[in-house]
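What follows is one structure encoded as structure tokens, with my remarks underneath.
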Amino acid sequence: MLRILHSLPRPHRLLLLPVTTMVTVLGAHELIEKYTVTSSPLVADIQQAALPVSPADASSLRIENLTTLPSAPAESTAPAQTNALATIASTTDASTTNSPSEPSANASGKTIQPSLVPTDFAEVVQNPAAASHDAQATETPLSKPALASVVKLSSLLGIDSSGEFSSDPVELDDVSDGETDLSDEIVAKETYVPEWQTYTVQNGDTFAVMAERSLGLGYSEVMNLLKIVPNKKVLTNLRVGRNIDYMLDEHGQLLALKVMKNSRDGYLLERNNAESEFEYSDVKRASQATQRLFAGTLEGSFGVSAQSTGLSSAEVAELTKILSKKVNFQRDARQGDRFQVLVESDMIDGKPLDSRILAAHYEGTRADITVLRHNDHFYTPEGKGLDTAFERYPFRGHYRISSPYNLKRRHPVTGRISPHLGTDFAAPVGTPVLATGDGRVIKVGNHPAAGRYIVIAHDNGYKTRYLHLSKPLVKKGERVKMDERIALSGNTGRSTGAHIHYEVMVNNRQVDAMRVKLPDGHLLSGKELAVFKKKSKQLIAKLDTADNARAVASTQKHDHDNES
């Protein structure tokens, strides 16, 4: 069996060697416990059958507590080429009924006398001379051939010169000493490719600390980055949970840093290899326009019902503002009314941004209106503008009228009867003042009585005036749109307190701004009307597919921006 094992390839031999050796050891161990050595023929058989196996080939084998070594009878009838394993097995079978302390008869009928051998089997291997000397003191000393057989067996079992069995792991590969493993060679030849990594701002983080710990920057480089970035707040005002992208080279040196001002815009800082300094460029994240369709039924207030469909607070506010121009929710809204709304958003990282309403339909017992977006204004399906030419109030929110339009008003400063040709609103200093209609700024000035003021000429021949301002935000000749911020309220000129003075002029004459009939919105015509009706058919068809019981998922459209 050992010769067959030896003829196998080395990987197969190493795999089978532990099994073969264990069979040998178990048989030998059982025989050792039952018999002692009286002569050396069995050892000779083992010596003759044992093939030269280096200790490394049996490096994972361990044998413990070998106290005696069995031997065949002096006058053995076994052939000279008897296999050692067969000899041990036959001897063991023949002696299983005998006591280890009593003489036993072998297959030929000869009695085997017990004989002592060295207690430490490894000691025999390490010092054969000493073992021979100790054996002479026993009843039957071990012969030199027996000692040689012991040494040969130790080589087979993998005992090293120190008397310990080798515990080195078995190597199954054919890589010789000094040669590099193939995987190591591939890694060594692999070119390092920098990759973007992300750092999430933790509580208590500052850019200086983060740059030193994660980016490998020193104090001077941190200060240099702060000088380069146009808006230093993107680095100094770090919010917990915010992500910062960076790229390092193979030595841990910062190559690039990307910080965002908001979800869409940011800065890219890159190291200039020639000068080893950083340069910045603007970044725009790619966005994809996505349409989302919502539908619901009025239960309670319109705002709560609209938000329950999945619309955000900002989207609900815009929808309410649009529909309220034609629907009085306090008077006309009824439980069970239905509504649908089509919203378009720019999706960045899976989040909707810059949402805008494209179309909406409100259907109730006392109101039925469809509105469609065109050039940032809303129209009915017939092309009639939903927005009026003027807003009633030059601000957002609610402010008390402190002094109405009055032709017989007594002036609060002079005490004389003096007409008040405008409407005063008690608004604190710094309140944003908005243009009540589209037009062009024709005058920005300062007057002893009116203070700082602005005059806007509108496209339909109307004019509006805004007095007692603290700071104008537009210049003469500029084009403004309805609801655009044009100034901040104040208390300049002849005034008894902070307020907004607002006037509407028709044919260059002041009228009561709170009672004047506001002109209708713009009516589309010609090619513009044809384009609008073609587009409106698609929007109305999408509204018709809405399920009022739930919000309907959307379809994606085109990319808006590309990241630079």
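The values are calculated or read from the model by the stated rules, or taken from the named source; none is laboratory data. Only a predicted model underlies this, so the values are computations on that prediction, with no experimental measurement involved. We place every Cβ from the backbone using ideal geometry, glycine too, and count neighbours over all the protein chains shown.
Only one of 496, 545 is at pLDDT below 90, exposed (fewer than 13 other Cβ atoms within 10 Å of the Cβ) and either under 25 Å from residue 379 (Cα atoms) or basic (Lys, Arg) (or both). Can you tell me which?
545
Out of all the residues in region 435-467, which are farther than 16 Å from residue 493 by Cβ and surrounded by fewer than 21 Cβ atoms within 10 Å (Cβ to Cβ)?
Hits for region 435-467 are 438, 440, 441, 442, 457, 459, 460, 461, 463.
Look at residue 336 and say whether it is out of contact with any helix residue (DSSP H, G or I) (no Cβ under 7 Å at 6 or more places or on another chain), touching a residue at least 12 places away in the same chain (Cβ under 8 Å), part of a loop (DSSP other than H, G, I, E, B) and closer than 24 Å to residue 380 by Cα.
yes
Taking region 491-535 only, how many residues are out of contact with any Phe, Trp or Tyr (no Cβ under 8 Å at 6 or more places or on another chain) and in a helix (DSSP H, G or I)?
The qualifying residues number 9.
List the residue pairs whose Cβ atoms are under 8 Å apart, where the first residue sits in region 208-223 and is assigned by TED's automatic domain parsing to the domain that holds residue 243, the second is part of a loop (DSSP other than H, G, I, E, B), and the two are 6 or more positions apart or on different chains.
From region 208-223, the pairs are 210/201; 210/238; 211/217; 212/218; 216/252; 216/253.
Which residues, counting only those in region 216-253, are surrounded by 14 or more Cβ atoms within 10 Å (Cβ to Cβ) and farther than 20 Å from residue 279 by Cβ?
Listed by number, the residues that qualify are 238, 242.
Kindly establish whether residue 319 is modelled with pLDDT of 90 or more, surrounded by 19 or more Cβ atoms within 10 Å (Cβ to Cβ) and assigned to a helix (DSSP H, G or I).
Yes; evaluated as a whole, the condition is true for this residue.
With respect to the numbered conditions (1) free of Cβ contacts under 8 Å to residues at least 40 places away in the same chain; (2) surrounded by 19 or more Cβ atoms within 10 Å (Cβ to Cβ); (3) under 51 Å from the mean Cα position of the chain (by Cα), which one is the sole condition not fulfilled by residue 382?
The failed condition is (2).
Testing residue 488 on (1) within 29 Å of residue 375 (Cα to Cα); (2) outside any strand (DSSP E or B); (3) in contact with a strand residue (DSSP E or B) (Cβ under 7 Å, 6 or more places away or on another chain), one condition comes back false. Which one is that?
Residue 488 satisfies every listed condition except (2).
Within region 288-310, work out how many residues are surrounded by 15 or more Cβ atoms within 10 Å (Cβ to Cβ), free of Cβ contacts under 8 Å to residues at least 60 places away in the same chain and either touching a helix residue (DSSP H, G or I) at 6+ places or on another chain (Cβ under 8 Å) or aromatic (Phe, Trp, Tyr) (or both).
Of the residues in that region, 4 qualify.
Residues to consider are 285, 213, 271; find the one that is of a type in the set (Lys, Arg), loosely packed, with under 14 Cβ neighbours inside 10 Å and out of contact with any helix residue (DSSP H, G or I) (no Cβ under 9 Å at 6 or more places or on another chain).
The conditions single out 213.
Among the residues of region 397-414, is there at least one that is over 21 Å from residue 493 (Cα atoms), surrounded by fewer than 16 Cβ atoms within 10 Å (Cβ to Cβ) and within 46 Å of the chain's Cα centre (by Cα)?
Yes, that holds for at least one residue.
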